[in-house]
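Just so you know, all these numbers are worked out from the coordinates, no wet-lab data involved. Model, not experiment: these values are computed from the prediction. In this analysis, Cβ positions are derived from the backbone assuming ideal geometry, glycine residues included, and neighbour counts consider all displayed protein chains.
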Amino acid sequence: MEKIELIFDGENGCRLDAYITENTDMSRSRATKLCEEEGVLVNGKIANKKQKLKSGDKIEITVFDAVEYDLEPQNIPLSIVYEDNDLLVVNKPKAMVVHPAAGNESGTLVNAVMYHCGNSLSGINGVLRPGIVHRIDKNTSGLLMIAKNDDAHICLSEQIKEHSFQREYEAVVYGNIKEDSGTVDAPIGRHPVKRKQMAVTDKNSKEAVTHFTVLERFGNFTHVRLKLETGRTHQIRVHMAYIGHPVAGDDVYGPKKVISELSGQCLHAKHLGFVHPNGKKMEFESELPEYFIKFLEKCRSGRA
């Protein structure tokens, strides 16, 4: 761990992150991240990256030692949709865990990405989630973004915070949704009793907004497109259950009845849209996977 102390002697109004960048060997993205991690104090108080400095301000910076990845790169095939020096877009299959956790220490997307990218991964999300900008659940298939460096990670994360990062999903949900479209605006937090689950709650929760559009109705099920305005854990699954239409096959937030064709929720991350760190607008679309198409066919035939 390293401690850095600076006394501001520049022109009043200079931004904190800009001053740190100019007066240390840190990149702007690293300075920004330290501020977000509450590793920067100004006059003894936790500082915001945008804080304007004035003459005589005392700046204290704590730089923690880098931690080496303690994960094993594994030669697991990846479905790569796009790749350049800054980012990687992959199509995650159903049943693949994104990052290691208890019970899933290997065979994850992170293990595969580490093998593919080597040392070219953002370290912002720590040793267990290198490069992971956003996540999708184990039994959700579809598009996922990986950042190869910290600058790209911060750029993409800021778009998520500003709600300009486009994420659209398709799902089959239980029941017949009567409205052609709608919005679920309900805060999500940890379930008060079932601590491994999320729930719509006003206690210790965060804003969560999901827009839905009906694509096709089958009577017992409805095929919908969903657009995320925010990105809370299990957001779509929680919101659809909240309005009485849980995702088909979701035995956590929906009926315990097993749908053999699905082996988990019928939910696919179909579309990503964002501004590349180089300023170029990019959009990617993923075809519906086989399990999803087969279940749609079963719904259309009235056998579901």
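At-a-glance table
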quantity: Cα Rg, Dmax, segment 157-300, angstrom units; calculated: 15.6, 47
quantity: At most 14 other Cβ within 10 Å, DSSP loop - trypsin sites (Lys or Arg not before Pro), segment 9-84; calculated: Lys50, Lys54
quantity: Helix axis angle, 290-300 relative to the chain longest principal axis, alpha carbon, degrees; calculated: 40
quantity: D_trans [Stokes-Einstein, Kirkwood Rh over alpha-carbon pairs] for segment 68-171, 10 °C, 1.306 mPa s, µm² s⁻¹; calculated: 115
quantity: Average Cα contact separation per residue, the chain, under 8 Å, 6 or more apart, as relative contact order %; calculated: 14
quantity: Rg in Å to one decimal, and Dmax rounded to a whole Å, for segment 164-245 via C-alpha atoms; calculated: 12.8, 37
quantity: Over segment 111-241: Rg over Rh, Cα atoms, Kirkwood Rh; calculated: 1.02
quantity: Segment 97-172: GluC sites (Glu not before Pro) in DSSP coil with no more than 13 other Cβ atoms inside 10 Å; calculated: Glu105, Glu162
quantity: Charged-residue dipole, Cβ positions (Lys, Arg, Asp, Glu), the chain about Cα centre, Debye nearest 20; calculated: 1320
quantity: Whole-Hz ³J(HN,Hα) from phi, Karplus 6.51 cos²θ - 1.76 cosθ + 1.60, for segment 22-36, glycine and proline x; calculated: 6, 10, 9, 8, 7, 7, 4, 5, 5, 4, 4, 5, 4, 5, 5
quantity: Cleavage-rule hits (trypsin sites (Lys or Arg not before Pro)) in segment 91-187: DSSP loop, at most 13 neighbouring Cβ within 10 angstrom; calculated: Lys178
quantity: Nearby lysines by direct alpha-carbon distance to Lys148 (threshold 21 angstrom, same-chain neighbours under 8 apart not counted); calculated: Lys33, Lys92, Lys161, Lys280, Lys281
quantity: Radius of gyration and Dmax over the Cα atoms of the chain, both given in Å; calculated: 21.9, 74
quantity: Descending Cα extents along the principal axes, segment 225-304, whole Å; calculated: 48, 26, 18
quantity: Listed pairs Lys52/Lys203; Lys49/Lys270; Lys206/Lys227; Lys3/Lys54 exceeding 29 Å between Cα atoms; calculated: Lys52/Lys203; Lys49/Lys270
